[in-house]
Amino acid sequence: MKLATTPITLLAALCLGGEAPAAANSPISPMAVGDEKAFFSLLDMDRPELSGVKQAAAAGDWPAAKRAWARHLETRAQPRWLWSRRDRAELIRIHREKFGGFARYTNAADRVLARDFEFLGVRKQLEHRVEWLHGPIEWTHVLSRFGYWRDLGYAYWATGKSAYAEDFAFLLKSWIAENPVPSEPSSNRGTRGSVWRTLEAGIRGDVWFDAMELFMDAPEFDAEAKFLMTRSLVEHARYLLARSTAYRAGNWQVCETSGLATIGIMLPEFKESSAWRERGFHYLVEHMRRDVEPDGAHRELTPGYHSWVMMEFLKVNLLSRANGYEVHGLVERLEKMFEFLMHLRQPDGTYALVGDAGYARERNRVDESLGLGALVFQRSDLRYLGADQCSESWLWLFGPAVCDRYARLEKRPPTFTSALLPHAKYAVMRTGWEPDARFLLFDCAAWGSGHSHQDRLQVIVCAGRELLVDPGMYSYDQPLSGEYLRKSEAHNVLMIDGAEQPASNPELLAWQSGSEADFASGRIQGKGLRHERSVLFVKPHYWVVVDHVFGGGEHELTRLFHFPLDSAVRAAGNAAQTGFETGANIRIQPTDDARLELRQGWIPTTDAAAERAPVAALLARRALPTALCTVLIPFDAEAALPKIEPIASTDPLVARLRVTFSNGQQDEIAIAPESTALKLGSEEAKARALCVRRGPMSNNVIIVEGQSPK
């Protein structure tokens with residue numbers, strides 16, 4: 001069966017039937033399905049498989065109609081969920097052999113029974129009958145996403161204990177009874193959160209079907225519970241349909257419309273379901289076309305949200321294909337989305353924490369996502385960087401054979417190293433894909449959304465470990481989220497007079513990559529000032545960062561560099577360097593007389609906690625225009641650090657320096673704000689940067705012409 005996504009054929013009216021009960025002190029919602037008569041009037045009774053339901057409903061025997069509806073749900077072969085409870089024995093066997101068995105979920109499920117909930121780093125003991133508007137705000141939202149129903153389901157599969165199924169049914173009925181569908185869809189957070197925020201409604205459109213499949217055969221999930229759950233899902237679909245009347249950029253509408261499409265696929269018996277599917281498919285395709293750039297970057301430019309949206313596209317596509325719907329354009333750039341994460345992968349297997357990217361380095365590993373991409377697109381390079389072993393989550397996407405499929409995939413390292421993502425405007429400089437490879441991300445990205453940070457032109461550096469970091473983000477309920485983590489002072493940027501960066505999108509000025517060097521340059525401007533940052537990677541040894549600042553008058557210019565926790569940063573003259581006892585360290589060496597201040601910033605350590613972390617601030621008061629030069633030197637042994645010294649220049653806007661290694665290698669470098677005549681000794685070139693290398697490591701002349709990025 002093929003389903004066209006355009007033009008959209010929508011119902012002129014919602015085909016409402018019957019009366020809806022009024023919530024206390026609330027008007028009746030036009031999205032509500034009132035009573036049994038209203039519910040059963042919405043079904044397409046001409047479907048042969050509903051003959052038993054039709055007969056009981058025609059007689060007004062609502063208990064019998066509910067039982068017939070429940071039997072239909074239990075026995076129908078179509079539609080198919082992403083996985084089938086009919087494979088339960090095989091799923092249990094594979095899970096026991098590969099992932100430790102479902103019994104390991106009993107502790108988490110027992111905490112649900114005890115109403116001992118921990119979300120976003122905050123642990124709360126609730127009453128057995130849950131108060132759903134509980135606060136804090138985001139905590140309330142997670143409570144009504146029902147991810148913990150999976151814990152109950154897995155524990156039920158492991159033990160067969162009725163308590164887990166009983167509690168699922170109790171929570172389901174309680175939530176439905178106490179949270180009638182509102183009169184109008186809303187994305188407002190409320191003062192204590194909102195159980196009907198449209199984002200959560202979309203998420204439930206996925207999670208509830210997972211729970212339905214887990215508990216479908218449980219006696220405790222009886223006909224009444226199945227009736228209530230599907231009635232509420234119809235109300236969810238109407239609510240989401242009413243919300244989705246125009247394209248709105250960002251991950252929210254992707255989640256809303258993926259939930260809407262999912263309900264339309266999984267409840268095709270309802271006369272309105274074609275409208276749900278068409279609307280959901282239409283906006284998902286629109287988001288793939290408009291929100292995902294040709295280089296694979298999602299417009300919000302935050303790796304965590306990028307991964308979330310990527311999974312929404314993938315899951316709806318898998319579900320659609322399993323049920324005979326062909327949605328043209330739904331996964332048009334999905335492979336590129338996986339490639340984007342490959343580019344942002346740091347040598348330790350995590351992604352760079354730009355924007356609201358989360359806090360935990362281990363939690364932000366990208367290998368599971370890359371392994372998933374290898375499975376979907378049969379990519380040996382993604383398999384090379386992917387997880388060593390099959391992920392448990394893939395079992396629920398591809399079935400019991402997935403582990404063998406993954407093990408058979410060929411592994412080959414990517415054929416590239418450094419790369420420019422021209423639409424995201426990220427320049428990635430790397431020496432390779434090994435765990436000790438050197439890596440720098442130059443962030444010239446536009447303001448993507450409310451998940452963006454004031455991090456324009458920042459650099460993030462790794463060399464065997466993270467050395468210069470973006471602190472990321474933690475729970476939005478926590479005050480540091482807005483007071484510190486999103487601001488310029490939390491990032492590796494240049495600040496002028498201590499002010500936040502201007503609210504303008506950076507311009508990517510140049511990109512050039514070669515075997516000996518990489519070069520990138522970007523610009524931001526506002527309030528009569530212009531800042532250009534250029535980064536030259538002299539491979540594989542060090543980076544030279546030059547900040548050109550244009551404008552009038554005298555200003556305090558502060559270069560900020562943030563280090564990981566426990567990095568024991570100390571001063572070495574006006575340079576700062578880390579003091580890890582083993583492995584790689586980094587020195588931040590200015591070539592000017594900037595004053596070094598060692599400060600304290602914050603790095604989140606859980607969803608609700610943060611610790612102080614070292615920050616180096618290089619302060620210089622300068623009349624504009626001016627150029628400031630900083631060398632970033634990763635090193636394994638302090639004795640191997642080169643000597644850095646400025647070279648006198650007749651042009652104050654040309655940064656000139658000499659880098660001398662103990663083995664006699666000497667590099668001389670000149671970097672200008674625009675292509676100009678540069679001279680180092682006998683070497684001359686009209687270029688943005690010139691690097692003359694002489695010695696045992698390299699004898700070469702590197703000319704950076706500063707091509708405009710393509």
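Just so you know, all these numbers are worked out from the coordinates, no wet-lab data involved. The structure presented is a predicted model; accordingly, all values stated were derived computationally and were not measured. Neighbour counts run over all protein chains shown; Cβ positions are idealised from the backbone, glycine included.
Quick look at the numbers
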| read-out | value |
| --- | --- |
| Net charge dipole size for the stretch 127-246 [Lys, Arg +1 and Asp, Glu -1 on Cβ; Debye, nearest 20] | 420 |
| Cβ-derived FRET efficiency at R0 22 Å, residue 179 paired with residue 28, nearest 0.05 | 0.90 |
| Simple label model, 7 Å out from Cα along Cβ direction - residue 248 to residue 71, nm | 4.3 |
| Whole-Å distance, taken between Cα centres, linking the stretch 521-549 and the stretch 474-507 | 18 |
| Sum of side-chain charges, residue 272 neighbourhood, beta-carbon under 12 Å (Lys, Arg +1; Asp, Glu -1) | 0 |
| Formal net charge of residues neighbouring residue 487 (Cβ-Cβ distance under 10 Å; K, R +1; D, E -1) | -3 |
| Count, lysine Cα pairs under 23 Å in the stretch 82-231, 8 or more residues apart or across chains | 4 |
| Part-to-part distance (alpha-carbon centres) for the stretch 385-464 and the stretch 637-671, which is given in Å | 32 |
| Separation in nanometres of the label points that stand 7 Å from Cα toward Cβ, at residue 86 and residue 700 | 6.1 |
| Global form of the stretch 419-637, assessed from the alpha-carbon gyration tensor, a/c cut-off 1.5 | rounded |
| Under-5 Å amide H pairs with residue 467, H placed in peptide plane, nonlocal only | 461, 462 |
| Structure-based [θ]222 nm, the chain - -39500 (n - 2.57) summed over DSSP H runs of at least 4, per residue, nearest 500 | -9500 deg cm²/dmol |
| Cβ-based net charge around residue 204, under 12 Å, with every Lys or Arg adding one and every Asp or Glu removing one | -3 |
| Sequence-distant lysines (8 or more away, or on other chains) whose Cα lies within less than 25 Å of residue 527 | 425, 487 |
| Footprinting exposure proxy for 54, 173 (fewest neighbouring C-beta atoms within 10 Å first) | 173, 54 |
| Simple label model, 7 Å out from Cα along Cβ direction - residue 93 to residue 61, nm | 4.2 |
| Which of 308, 196 has the fewest Cβ neighbours within 10 Å, and the rest in rising order | 308, 196 |
| Candidate values (i) 102, 58, 46; (ii) 88, 54, 52; (iii) 99, 52, 50, label of the one derived for Cα extents along the principal axes in Å | (iii) |
| Dipole magnitude (debye, nearest 20) for the chain, charges at Cβ of Lys, Arg, Asp, Glu | 720 |
| Vicinal HN-Hα couplings computed from phi for the stretch 67-78 (Karplus, 6.51 cos²θ - 1.76 cosθ + 1.60; Hz; Gly/Pro x) | 5, 5, 5, 4, 4, 4, 4, 6, 10, 5, 8, 10 |
